[in-house]
Amino acid sequence: MTALSLDVQKLSNYINGEWVEVNNTTAVINPATGEEIVQVPLSEAESVDAAVQAAKKAQKDWALVPAPQRAEVLYRIGYMMKERKERLSQLLTMENGKVIEEARGEVQEGIDMAFYMAGEGRRLFGQTTPAELKDKFAMSQRCPVGVVGIITPWNFPIAIATWKSFPAIVSGNAVIWKPATETPIMAYELAKIFEEAGLPKGIVNVIFGKGSVVGDAMVHHDDIRVISFTGSNDTGRNIASECGKQLKKVSLEMGGKNAVIVMDDADLDLAVEGILWSAFGTSGQRCTACSRVIVHEKVKQTLEERLLAAMDGLSIGNGLDESIKVGPIINQAGIDKIKRYIEIGKEEGARLLAGGYELTEGDHQKGYYFAPTLFTDVSAEMRIAQEEIFGPVVSLISVKSFEEAIDVNNGVTYGLSSSIFTNDVNRVFKAQRDLDTGIVYVNAGTTGAEIHLPFGGTKGTGNGHRDSGIQALDVFTEWKAIYVDYSGKLQRAQIDVES
Ligand code: UN1
């Protein structure tokens, strides 16, 4: 295990290309060890305003830089992230707790996003279309919105930041970024990369602090025209209603209650691997994590047995150790929430097959660890099968048919990710059609979305927008329709069309 150190003990805001100190700070804790890593600012609303003033000025010039040249900076950012991948990954494990292998995967997601969005610098496609009238040209074009606000979560502190900031940058916006206070180090490291890669001052500004202060100031700032948020449902709803009052564009991604469906014809060993990876990877702290297994009654018992055997082999501990498979939970509040749901599950009559407790002995004494947990005999309406727990807890629900499996999958308020294990091609295509989620997997778990496809979900998962993919550009651009009349006379549109 290597223990990297930072070059500072106290982080500063990054405004207009300068590091600006803030007096009030709080500790960032390594969830694996309980040790303090660094101090992070708790900024006031004034910092947001200072950043917006700088961003407004910088954005005017940035919008005039040809998009392929804006993209050059993103290519440099991508290469620098690649060079620093191991350092970034280790720091990510230290601040977030996810195991090093997954941290490397997350940093890679950011690198991929840099190159993908850099490519968009030469596309940013609009449409050309025939005009209704003679000697007239019609087209549409994407335009930057101006200053945009991004609010990113602690569970994917670098990947999600790239999903939001890179499309914003390449399409000519300036960004005010509030990272989660639990995981500010990725933001610090990324800001240094932005600076060294030559991103002009003021194009990305990082303001550390609480959602209730910094996030709130962003949501209410007249000059921030877009808010892109990933985080909890309650916060997302609040942001949406505040943005609604101001007619501000808002893009939300707020979690899931994702299920793996295992049919009676499935490859059960493969299904077990898929469940294990997507339920207990990142200690279940992914929006895409599998927290329900919907299993055909004919294979329920066998699946339970194989799952239990496989769960036995999961090593739990500090994710910097390469042999560890399950890292810690982000903090005590996370542990407390999981514990509450364990009690709820028991009261509801679900049968606890494994786990269900916090690990507090030996190596686990100082960090926040929870044992991988399996409930069975869960019914679809129970709270543990309906509400997001955000921990390593899986509920097994038995069904009698494919149709019932689809109904159970869709019978939750969320709609992010779903998966089906089956070898029946007809079921595969029916499932693709009928699963009401933004992401569907066949013969794979519920996690592992790729950055060039839209990421997001239906129903309570979001509000119709998508992160990543070219769809992310819709969040950070306005469409402009442009007509050029080269007839030399005034043509009055529809009125001049001969019938
Ligand atoms: C999240 O948990 O919010 O698909 C993001 C996945 C990852 C991203 C998860 N690529 O699991």
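Structural remarks
- Average accessible surface area per residue within the chain, 1.4 Å rolling probe, Å²: 41 Å²
- The distance between label points at Leu270 and Gln432 comes to 1.5 nm (points 7 Å beyond Cα on the Cα→Cβ vector).
- Listed residues Ser43, Ala168, Met218: farthest to the positive end of the dipole of the stretch 13-254 (Cβ charges): Ala168
- Computed about its Cα centre, the charge dipole of the stretch 258-442 is approximately 280 debye, with only Lys, Arg, Asp and Glu carrying charge at their Cβ.
- C-alpha center-to-center spacing [the stretch 93-150, the stretch 175-210] in angstrom: 18 Å
- One decimal place: the segment Gln365-Glu347 gains 3.7 nm when fully extended, by the rule 0.36 nm per residue minus the C-alpha distance.
- Here the stretch 392-442 and the stretch 335-371 have alpha carbon centers that stand 27 Å from each other.
- Convex hull projection area averaged over all views, the stretch 89-128, Cα basis, nm²: 3.5 nm²
- The chain: radius of gyration over Cα atoms, expressed as a fraction of 2.2 N^0.38 Å: 1.03
- Placing +1 on the Cβ of every Lys and Arg and -1 on the Cβ of every Asp and Glu, with nothing else charged, gives the chain a dipole about its Cα centre of roughly 1440 debye.
- Out-of-range pairs (alpha-carbon distance over 25 Å; input Lys60/Lys480; Lys164/Lys366; Lys201/Lys480; Lys98/Lys430; Lys164/Lys257): Lys164/Lys366; Lys201/Lys480; Lys98/Lys430
- Carbon plus sulfur fraction of accessible area for the chain, probe 1.4 Å, in percent: 49 percent
- Label-to-label distance, Asp312 versus Lys459, with points set 7 angstrom from Cα along the beta-carbon direction: 3.6 nm.
- Difference of contour (0.36 nm per residue) and Cα-Cα distance, Asn24 to Asp222: 68.7 nm
- Length added when fully stretched, Ala354-Lys245, from 0.36 nm per residue minus Cα-Cα: 34.5 nm
- The simple spin-label model puts a point 7 Å past each Cα toward its Cβ; for Ser323 and Trp479 those points are separated by 5.7 nm.
- Comparing Cα centroids, the stretch 1-41 and the stretch 66-90 end up 22 angstrom apart.
The values are calculated or read from the model by the stated rules, or taken from the named source; none is laboratory data. No experiment lies behind these values; they were computed from the predicted model shown. Note that we place each Cβ from the backbone using ideal geometry, even for glycine, and neighbour counts take in every protein chain shown. Calculation scope for accessible area: heavy atoms of the full protein, side chains included, ligands and nucleic acids excluded. Shrake-Rupley method; radii C 1.70, N 1.55, O 1.52, S 1.80 Å.
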